[in-house]
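The values are calculated or read from the model by the stated rules, or taken from the named source; none is laboratory data. What you see is a predicted model, and the numbers here were worked out from it, not measured in a lab. So basically every Cβ, Gly included, is an ideal-geometry build from the backbone, and we count neighbours across all protein chains shown. Just so you know, the surface numbers come from the protein's heavy atoms only, side chains and all, with ligands and any DNA or RNA stripped out. Shrake-Rupley method; radii C 1.70, N 1.55, O 1.52, S 1.80 Å.
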Amino acid sequence: MKIKSLFCVILIVIMMSTTAFGASFTDTEGHWAEDYIEKMAQAGYVKGYGDGTFNPDGPMTRAEVATVLTNVFAIPHTIAGHKVLKDVNETDWFMPYSLVGYLVFPPEEGNAQIFRGNDKITRVEAAHAIIALYNCAESTGYAAQMADYDTFKDNFFVKKVVSTAVKYGIMQGKGETGFEPFSTLTRAELCTLVMRTLENKGDADKETLETLTDFTNQINEKYSK
């Protein structure tokens, strides 16, 4: 009986806490991605600003997305991103997350070892990262469903990423405007992308995560000596 009573007290406290602290930010109430933003914030994957806002329609950088993905999928931080990547400095705030971003974002032309952490990230780059983490089989047939297909149909790489993202429900189009692969990913879109994928597909591909973990650990070990 005491255990049951204690359980009821705990349940009431949880319900009161949820009601009192349900809204994390002052500018997300009524936003189309409000639920996903709240879930990401409660899980500690994203943070707002000092004034209590989240700026849901603000742009994301490659460094910010790499940071979120590193934390969401519990991939080890690197101590030597600046040793591996040409445009990353030891003092950059995103240095610990740069290696994961570099590995899952689309490869640079010429295979240059650059990260471009401060660049805004596009929707196709973000979609590619999730596809890589979940090791999704490539597809090319679904991209034609997008209203803006003509704007990227001649770019085989983009067409492949868009098609795969649509096929596996990782990222959908934006209504009448289509997929918009080259548009900047917003903070709300990132929350939706991550939470929807976790809900629909669970954790990322085990072998992929192990490979990323092993590689990062090897780099850390190499440069810790």
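Would you tell me the accessible area of LYS167, worked out with a 1.4 angstrom probe on the heavy atoms of the protein chains, in Å² to the nearest 10?
90
Quote to one decimal, in nm, the extra length available between PHE182 and LYS225 on full extension: 0.36 nm per residue of separation minus the C-alpha distance between them.
Values: separation 43, 0.36 × 43 = 15.48 nm, distance 4.15 nm.
Between PHE182 and LYS225, full extension yields an extra 11.3 nm.
Length gain on complete extension for the stretch GLU90 to GLU109, per 0.36 nm per residue less the alpha carbon to alpha carbon distance? Write out the running numbers ahead of the final one.
Numbers: separation 19, 0.36 × 19 = 6.84 nm, distance 2.43 nm.
Roughly 4.4 nm would be gained on extension.
For ASN135, list long-range residues whose amide hydrogen, built 1.01 Å from N in the peptide plane, is under 5 Å from its own amide hydrogen.
ASP205
Can you tell me the dipole magnitude for the chain around its Cα centre, using point charges on the Cβ only (Lys, Arg +1; Asp, Glu -1), in Debye to the nearest 20? Intermediate values should be presented prior to the final figure.
Numbers: 21 positive and 29 negative charges, 124 e Å.
About 600 debye.
In square angstrom, rounded to the nearest 10, how much accessible surface does TRP93 have for a 1.4 Å probe?
Roughly 140 Å² of TRP93 is accessible to a 1.4 Å probe.
Given a 1.4 angstrom probe, what's the average accessible area per residue across the chain, in square angstrom? Could you put the intermediate results ahead of the total?
Numbers: 12330 Å² over 225 residues.
So the chain comes to 55 Å² accessible per residue, rounded to a whole number.
Once the Cα atoms of helix 206-223 and of the chain are each reduced to a long axis, what angle between those two axes, in degrees from 0 to 90 to the nearest 10, is obtained?
Helix 206-223 sits at roughly 80 degrees to that axis.
Taking amide H positions as placed in the peptide plane 1.01 Å from N, state which residues far from THR122 in sequence (5 or more) or on other chains have amide H under 5 Å from it.
So THR122 has HN proximity to LEU185.
Residues with beta-carbon under 12 Å from that of PHE25, excluding PHE25: net charge, scoring Lys, Arg +1 and Asp, Glu -1? Each step should come with its number before you reach the end.
Details: positive: LYS47, ARG187; negative: ASP27, GLU29, GLU34, GLU38, ASP51.
Net charge around PHE25: -3.
Along the charge dipole of the stretch 160-225, Cβ charges K/R +1 and D/E -1, which of PHE182, SER224, VAL161 sits furthest on the positive end?
Farthest towards the positive pole: PHE182.
ALA137 versus LYS83, label points 7 Å from Cα toward the beta carbon: distance in nm?
A separation of 4.0 nm, rounded to one decimal place.
Go through GLU189, GLU34 and list them by solvent-accessible area, largest first, probe radius 1.4 Å. Let's see the in-between values first.
Numbers: GLU189 20, GLU34 50 Å².
Reading off the accessible areas and sorting them downward yields GLU34, GLU189.
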